[in-house]
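Peer 1: Input: one structure, supplied below.
The values are calculated or read from the model by the stated rules, or taken from the named source; none is laboratory data. Since the model is a prediction, treat every value here as computed from it, not as a measurement. Cβ atoms come from the backbone with ideal geometry, glycine included; neighbour counts cover every protein chain shown. Remember, those area values only see protein heavy atoms, side chains included, never the ligands or the DNA or RNA. Shrake-Rupley method; radii C 1.70, N 1.55, O 1.52, S 1.80 Å.
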Amino acid sequence: MVRCDFLSGAGRLFAGMAMIFISASSFAQESLVIPVPEYRPAETVQRIAVPVVPGDQIKLLIISGENSYEHDWTGVNNLLRAQLLATGRFDVRVIEDFTSATAETLKPYDVVLINYLGRWNYTDEHEKRWGPVAEKALFDYVRAGGGVVVFHASFNMGSPSWPEFERLAGGTMRPFHGSRRSPPNGFMVHVVDREHPVTAGMREYYWALNEDMYTNMYWDEEAKIRVLAAAYDDEQSYAPAKAGPKYPAKLYTPEALAGMAGMNQEHPQVWTVEYGQGRVFCISLGHGPDTLQYDGTKGLIARGAEWSATGEVTIPVEKWVQDFPTDSK
């Protein structure tokens, strides 16, 4: 015996109308309950790092929260965190208000990475600094043996002068001293010291793209600096056809170029500093999230952070910047 349950045509019509009414009514109620936020387009599209299972990882703190207008510091923080976690060596946290930091804030960490600049524009007179308590905590932390990575735009902190930070970083961007950004967005990085643990196993030259070349920086005379990598500031790069509109030709005449210190010379881009008992790793490369995708900069940051924290490097050199045998060797 087969049983058939069905509604009449009128019944089916009524049921359908009821379902439509109920669905529409529910939708209207939900729309009233859920507010519509102001639309803000995504600034970055990238994988967001998630916390790692606690273990014996190196504990790294990214100090951030402000930067100049051309730097996507939030995107950089996200990508740095994801890349460092992917090595398996780090547990990474981010602090965006370091003004309330004390010695206790830094105590749990093996190394800190500074991705901070308290000016929206380099010409801004006022700089948002961390304050004497937080700044002393950072310097004391490094002197006592804590590691620190000074990263990219952070070398512009403290202009025109911040003696203690200049000693910590070794080199800083000081426009009054003649520091400048060289025009090329793509240039060769020369690994001048391949004996250091951070650069051991790297090729002598590799390309940096969409990048900043900091040139003619101010170097603290008492800082104990070891240069690992450099880049060449070529006078020909300032020619209008190559430099583009960002570098007005009237400011870079042959006479002006002749008076610029450090022209047609190599300038440090990666170096280390001895500061008290701490190890300081400095890398001026790393302009934006795109530049961090390249093996050279990506690997240097991870290996430099590990060295700053432990004095050793176990993270392998990234594939495309590995040293290779040649007939000349």
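Peer 1: Using a Debye calculation, one point per C-alpha and no hydration shell, please list log10 I(q)/I(0) for region 113-176 at q = 0.29 Å⁻¹ in order.
Peer 2: -1.58
Peer 1: For Glu135, Glu125, Glu164, what's the largest-to-smallest order of accessible area, 1.4 Å probe?
Peer 2: My answer, sorted largest first, is Glu125, Glu164, Glu135.
Peer 1: For region 204-263, divide the Cα radius of gyration by the Kirkwood radius and give the resulting Rg/Rh value with two decimals.
Peer 2: Numbers: Rg = 14.1 Å, Rh = 13.9 Å.
Result: Rg/Rh = 1.02.
Peer 1: Shifting gears a bit: Where does the Debye-calculated log10 I(q)/I(0) of region 63-144 sit at q = 0.18, 0.26 Å⁻¹, using only Cα point scatterers of equal weight, no solvent?
Peer 2: Taken in order of the listed q values, log10 I(q)/I(0) reads -0.84, -1.27.
Peer 1: Right, another one. Over all pairs of distinct alpha carbons, what does the Kirkwood formula give as the hydrodynamic radius of region 155-265, in Å?
Peer 2: Details: mean 1/r = 0.0648 Å⁻¹.
For region 155-265, the Kirkwood estimate is 15.4 Å.
Peer 1: In nm, give the distance between the simple-model label positions of Tyr69 and Lys136, each being 7 Å from the Cα along the Cα-to-Cβ direction.
Peer 2: 3.7
Peer 1: Say each of Trp207 and Glu125 gets a label point 7 Å from the Cα, pointing the same way as Cα to Cβ; how far apart are those two points in nm?
Peer 2: With each label point 7 Å from Cα toward Cβ, the separation is 4.5 nm.
Peer 1: GluC sites (Glu not before Pro), restricted to region 282-329: which are DSSP loop and have at most 10 other Cβ atoms within 10 Å?
Peer 2: Passing both the DSSP loop test and the Cβ count: Glu312.
Peer 1: If you don't mind, another one. What aspartates and glutamates sit close enough to Lys319 to cross-link, taking a C-alpha to C-alpha distance under 15 Å and skipping anything fewer than 8 places away on the same chain?
Peer 2: Straight-line reach from Lys319, under 15 Å: Glu204, Asp295.
Peer 1: Right, next: Please report, in whole Å³, the volume per residue of the convex hull around the C-alpha atoms of region 92-236.
Peer 2: 145
Peer 1: When only the heavy atoms of the protein chains count and the probe is 1.4 Å, how do Glu104, Glu204, Glu211 rank by accessible area, highest first?
Peer 2: Most to least solvent-accessible, the answer reads Glu104, Glu204, Glu211.
Peer 1: Would you calculate the separation in nanometres between label points at Val52 and Trp219, each defined as 7 Å from the Cα along the Cα-to-beta-carbon direction?
Peer 2: About 3.5 nm, to one decimal.
Peer 1: Please work out how much length the chain gains when fully extended from Gln265 to Thr253, using 0.36 nm per residue of separation minus the C-alpha to C-alpha distance, in nm with one decimal.
Peer 2: 2.5 nm
Peer 1: Between Lys242 and Glu274, what is 0.36 nm times their sequence separation minus the Cα-Cα distance? Round to one decimal in nm.
Peer 2: Working: separation 32, 0.36 × 32 = 11.52 nm, distance 3.81 nm.
Result for the pair: 7.7 nm of gain on full extension.
Peer 1: Determine the alpha carbon to alpha carbon distance for each of Lys136/Lys224; Lys59/Lys128; Lys59/Lys224; Lys136/Lys246; Lys250/Lys298 and list only those over 32 Å.
Peer 2: Correct reply: Lys136/Lys246; Lys250/Lys298.
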